[in-house]
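Below is one structure; the comments refer to it alone.
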Amino acid sequence: MRIPGSKILMECLKREGVTTIFGYPGGAVLNIFDEMLNTDLRHILVRHEQAAVHAADGYARASGKTGVVIVTSGPGATNTVTGITTAYMDSIPIVVFTGQVPTPLIGNDAFQEADIVGITRSCTKHNYLVRDVKDLSRIVREAFYLAKTGRPGPVLVDLPKDVISTEIEFKYPEEDVFIEGYRPTFVGNVKQIKKAVRLIMRSKRGVIFAGGGVILSNASEKLRELAQKLNMPVTMSLMGLGSFPGDHPLSLGMLGMHGTYSANMAVTESDLLIAIGARFDDRVTGKIETFAPNAKIIHIDIDPTSISKNVHVDVPIVGDCKIILGQILEALQDENLDELKIKLKPWHKKIEQWKQAHKLTYKKNGSLKPQFVIEKIYELTKGDAIIATEVGQNQMWTAQFYKFKKPRTLLTSGGLGTMGYGFPAAIGAQVAFPDKIVIDIAGDGSIQMNIQELATVSQHSLPVKIFILNNRYLGMVRQWQELFYNRRYASVSLDYPSPDFVKLAEAYHILGMQITDPKDVEEAIIKALSTKEAVLIDFRVAEEEGVYPMVPAGAPINEMLLL
Amino acid sequence: MRHTISVLVKNEFGVLARVASLFSARGFNIESLSVAETLNPSFSIMTIVTEGDEQILEQITKQLNKLIDVIKVANLSTENFIEREMALIKVGAENANREELFRIVEIFKAKIVDVSPKTMTIEVSGNDKKLADFFELLKSFRIREIVRTGKIAMLRDKKRLKKGE
Ligand SMILES: Cc1cc2nc3c(=O)[nH]c(=O)nc-3n(C[C@H](O)[C@H](O)[C@H](O)COP(=O)(O)OP(=O)(O)OC[C@H]3O[C@@H](n4cnc5c(N)ncnc54)[C@H](O)[C@@H]3O)c2cc1C
Ligand SMILES: Cc1ncc(C[n+]2csc(CCOP(=O)(O)OP(=O)(O)O)c2C)c(N)n1
């Protein structure tokens with residue numbers, strides 16, 4: 001039977017197990033949207049294409065499935081770039097389909113033409129322009145395969161209008177996807193595993209450093225097994241939060257610029273660092289020369305380019321961390337772990353001292369503190385919600401004060417630091433898990449970058465909770481100006497005055513509340529959590545609160561500014 | 001240090017742009033690049049000459065390998081290899097100095113490929129040193145234009161980049 005490209009696309013999506021698409025229509029994709037009506041696919045119409053990509057990304061982070069986006073050519077396509085780059089920096093599997101002008105017009109500055117393949121070359125794992133409908137099914141299958149396997153990432157497929165409308169005889173290709181230049185390594189090299197075990201057994205002050213890769217590879221169980229078996233403390237990158245329970249006695253919390261005192265001290269004094277699925281970002285290492293200066297480093301990562309990129313690694317192990325952790329656990333069976341545990345005792349004592357010396361805290365002076373709001377959210381959700389954040393102080397306080405217990409419960413833009421990410425990401429997560437509590441912890445600056453999505457939650461009856469920590473400032477930038485620019489506040493006040501977020505929520509037909517007094521926080525959160533619809537709470541928090549500890553950019557991580 | 005890297009790529013649309021933008025995005029420098037099809041027209045070989053220390057070279061190799069259209073990357077500089085470059089040189093050649101030019105061309109096993117009343121165009125190929133020496137000698141004539149291909153390179157002996165290409 002002869003069918004058009006648009007129908008082939010639907011068939012491919014079905015075969016990939018896609019149930020939900022985030023998108024926005026336009027001229028170049030009319031045929032696709034029309035064809036979609038003949039399927040069971042759920043289309044979430046957003047209000048800006050950037051939000052479609054963030055939503056697909058949030059859907060992917062929360063569920064582990066690949067997020068899918070369809071947008072039109074030209075401005076529809078260019079609006080996706082921030083979303084795609086956000087997903088690229090955090091290694092999130094999404095597939096973005098963009099409409100394109102008909103092939104004969106490509107390169108002619110045709111109406112709504114943009115060279116989106118050229119534009120996104122450096123922010124996708126791979127991208128394709130489909131020039132012949134005969135290649136369509138192969139390319140779609142490759143796109144999903146590439147997005148999900150190895151180091152995950154966004155893949156873009158550009159679909160010219162004529163390719164989508166051309167009819168051909170079609171049979172779905174059943175054979176496995178084969179891409180000649182693409183063979184990720186999954187199993188760790190046995191010699192390297194042995195070397196790693198030798199280092200572990202010789203260590204006296206080891207620390208495990210878990211990154212986003214542990215979550216991407218669903219390796220949390222194995223990580224916990226290893227940490228408990230070795231009785232070794234665990235610190236996490238921002239992206240690794242949730243990979244190990246934040247309330248576990250072995251947890252040191254986050255490392256790096258806004259990491260805990262104990263984590264930064266422990267890594268600096270360690271003699272062994274086992275980095276798992278982490279890429280030693282400069283927010284983590286601080287001054288590179290003084291990062292873990294006495295430690296041997298074991299680095300497990302599926303992407304060889306992550307290894308020895310920033311820090312020198314003693315034992316690199318390329319592969320999937322879940323598999324490799326399994327290999328290490330097996331190799332440890334022949335070792336005398338009791339001896340190791342005894343050796344680690346003084347180390348634990350020291351760590352306990354660091355933990356007690358500077359706990360995460362804040363000044364309680366009667367005003368409404370953002371940290372207090374997060375503590376309350378944590379308490380009232382029993383640490384069991386899916387939390388998205390925006391970028392800035394709201395993000396760091398969430399990382400510090402919400403003790404993430406499970407993987408895939410924190411959705412945050414770490415690598416790109418995209419303001420406006422959290423709300424649409426929360427929408428995506430809520431679509432994936434309609435019955436879970438999904439909260440966007442926002443700043444008043446960030447929320448205004450994708451505020452139009454209030455219409456999306458309203459249209460699709462998504463019970464997303466938006467909790468704004470409204471300090472009337474671009475708080476994180478203000479904090480840098482306070483500390484490093486002599487309190488010269490350049491363009492950071494948002495108080496002209498701050499918008500009436502309650503009215504705004506109401507304008508979009510959702511419930512809005514404003515809280516100014518700490519004693520009303522609990523009741524408001526309880527009310528929001530028990531409402532089966534979207535709720536926005538504008539928490540008017542203290543204006544000039546700072547995030548501490550803080551390592552000034554480029555300083556050694558054990559030189560923290562403390563409260 | 002200077003490195004000559006051989007890259008076997010799928011002959012896909014945009015592959016050259018991918019390699020080039022990788023180098024520019026990561027701040028690696030390309031001294032020369034040449035590319036053409038292999039016997040099998042689905043593949044091309046790129047020869048890239050670049051400069052950098054061990055760590056940069058390691059990143060270049062890994063990043064190239066990460067591109068989906070790249071099948072194989074080899075740093076030839078670590079092995080025994082042959083390197084060649086071809087150049088076309090247009091020089092001013094009046095009757096008086098033509099004899100001299102002929103002699104140089106012969107010594108260097110170069111070729112005269114075009115002659116006009118006032119100029120001669122010479123084709124020469126060889127390794128770095130040979131080309132440098134050749135250009136040096138031609139300096140006493142008026143060099144009007146030089147166009148070079150960039151280097152191509154190949155492993156010596158039985159070794160090859162990849163079976164079948
Ligand atoms: C305002 C702000 C402040 C920040 N402050 C901090 C801070 O204080 N501390 C902090 O840690 N971060 C901070 N960040 C985040 C930081 O910028 C980085 O995003 C983060 O540190 C990177 O985390 P990661 O190393 O775990 O790598 P990710 O970006 O999560 O990368 C994952 C790694 O795992 C690998 N991987 C993927 N899949 C697998 C697999 N299956 N098996 C093995 N490996 C795999 C990938 O190749 C990659 O190397 C901040 C961000 C912002 C915006
Ligand atoms: C799209 C974008 N633009 C600019 C920045 C730079 N930036 C980082 S944090 C920040 C302030 C965020 O303010 P707000 O959302 O109010 O959060 P707060 O820090 O006050 O919690 C800015 C402007 C960014 N990260 N993303």
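The values are calculated or read from the model by the stated rules, or taken from the named source; none is laboratory data. None of these values were measured; they are calculated from a predicted model. Counting neighbours? That spans all protein chains shown, and the Cβs are built from the backbone with ideal geometry, glycine included. Heavy atoms of the whole protein, side chains included, go into the accessibility calculation; ligands, DNA and RNA do not. Shrake-Rupley method; radii C 1.70, N 1.55, O 1.52, S 1.80 Å.
Six or more apart or on different chains, Cβ under 8 Å: which pairs go from a residue in segment B:57-68 that's more than 9 Å from chain A (Cβ to nearest Cβ) to one that's assigned to a helix (DSSP H, G or I) and not small (Gly, Ala, Ser)? Could you list them?
Short answer, once both residue conditions are applied: B:60/B:23; B:64/B:19; B:64/B:22.
Mind checking which helices (runs of 4 or more DSSP H) fall wholly inside segment A:430-537 and carry at least 2 residues that are within 16 Å of ligand 1 (Cβ to nearest atom)? Spell out how you get there, then give the answer.
Working: elements: A:454-459, A:475-484, A:501-507, A:521-530.
In segment A:430-537, A:475-484 are the helices (runs of 4 or more DSSP H) which contain 2 or more residues that are within 16 Å of ligand 1 (Cβ to nearest atom).
List the number of the failed condition for residue A:426; all other conditions in (1) touching a strand residue (DSSP E or B) at 6+ places or on another chain (Cβ under 8 Å); (2) of a type in the set (Gly, Ala, Ser); (3) within 16 Å of ligand 1 (Cβ to nearest atom) hold.
(3)
Scan segment A:369-380 and give yes if some residue there is exposed (fewer than 14 other Cβ atoms within 10 Å of the Cβ) and away from ligand 1 (no atom under 16 Å from the Cβ), otherwise no.
Yes.
With respect to residue B:77, determine if the residue is outside any strand (DSSP E or B), touching a strand residue (DSSP E or B) at 6+ places or on another chain (Cβ under 9 Å) and farther than 22 Å from residue A:126 by Cα.
When the stated conditions are applied, residue B:77 passes them.
Does segment B:24-48 hold any residues that are open to solvent by less than 50 Å² (accessible area, probe 1.4 Å) and either within 11 Å of chain A (Cβ to nearest Cβ) or in contact with a Leu (Cβ under 8 Å, 6 or more places away or on another chain) (or both), and which are they?
Residues satisfying the conditions are B:28, B:38, B:43, B:44, B:46, B:47, B:48.
Just checking, does segment A:358-366 include any residue being within 16 Å of ligand 1 (Cβ to nearest atom), out of contact with any Lys or Arg (no Cβ under 8 Å at 6 or more places or on another chain) and more than 14 Å from chain B (Cβ to nearest Cβ)?
Scanning segment A:358-366, I find at least one residue that is within 16 Å of ligand 1 (Cβ to nearest atom), out of contact with any Lys or Arg (no Cβ under 8 Å at 6 or more places or on another chain) and more than 14 Å from chain B (Cβ to nearest Cβ), so the answer is yes.
Mind listing whichever residues of segment A:1-29 are open to solvent by less than 10 Å² (accessible area, probe 1.4 Å) and outside any helix (DSSP H, G or I)?
Matches in segment A:1-29: A:21, A:22, A:23.
Tell me, please, whether a residue that is among the acidic types (Asp, Glu) and under 21 Å from residue B:44 (Cβ atoms) can be found in segment B:67-76. Give the derivation first.
We begin by selecting, within segment B:67-76, every residue among the acidic types (Asp, Glu); these are B:69.
Retained after the next criterion (residues that are under 21 Å from residue B:44 (Cβ atoms)): B:69.
The answer is yes, given that some residue of segment B:67-76 is among the acidic types (Asp, Glu) and under 21 Å from residue B:44 (Cβ atoms).
Starting from segment A:400-415, take each residue that is of a type outside the set (Phe, Trp, Tyr) and list its partners that are part of a loop (DSSP other than H, G, I, E, B) and at pLDDT below 95, counting only C-beta distances under 8 angstrom and pairs at least six apart or across chains.
Every condition considered, the pairs that remain are A:403/A:383; A:405/A:383; A:405/A:384; A:406/A:384; A:409/A:384.
To keep it simple, each residue is scored yes or no on (1) β-branched (Val, Ile, Thr); (2) farther than 28 Å from residue A:169 by Cβ; (3) open to solvent by less than 10 Å² (accessible area, probe 1.4 Å).
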site	(1), (2), (3)
A:68	yes, no, yes
A:81	yes, yes, no
A:84	yes, yes, yes
A:114	no, yes, no
A:127	no, no, yes
A:130	yes, no, yes
A:148	no, yes, no
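Collect the residues in segment A:157-191 that are open to solvent by less than 30 Å² (accessible area, probe 1.4 Å) and under 21 Å from residue B:65 (Cβ atoms), keeping them in residue-number order.
A:179, A:181, A:182, A:188
Tally time: how many residues in segment A:263-281 are of a type outside the set (A, V, I, L, M), within 14 Å of ligand 1 (Cβ to nearest atom) and touching a residue at least 40 places away in the same chain (Cβ under 8 Å)?
So the answer is 4.
Would you confirm whether any residue within segment A:410-417 is in contact with a strand residue (DSSP E or B) (Cβ under 9 Å, 6 or more places away or on another chain) and either within 9 Å of ligand 2 (Cβ to nearest atom) or part of a loop (DSSP other than H, G, I, E, B) (or both)?
Yes, because at least one residue in segment A:410-417 is in contact with a strand residue (DSSP E or B) (Cβ under 9 Å, 6 or more places away or on another chain) and either within 9 Å of ligand 2 (Cβ to nearest atom) or part of a loop (DSSP other than H, G, I, E, B) (or both).
Can you name the condition, by its number, that residue A:331 falls short on among (1) within 17 Å of residue A:187 (Cα to Cα); (2) open to solvent by 20 Å² or more (accessible area, probe 1.4 Å); (3) within 14 Å of chain B (Cβ to nearest Cβ)?
Of (1) within 17 Å of residue A:187 (Cα to Cα); (2) open to solvent by 20 Å² or more (accessible area, probe 1.4 Å); (3) within 14 Å of chain B (Cβ to nearest Cβ), only one is false for residue A:331: (3).
When residue A:355 is evaluated against the numbered criteria (1) without any contact (Cβ under 8 Å) to a residue 60 or more places away in the chain; (2) part of a helix (DSSP H, G or I), which criterion, by number, is the only one it fails?
(1) is the only condition that residue A:355 fails.
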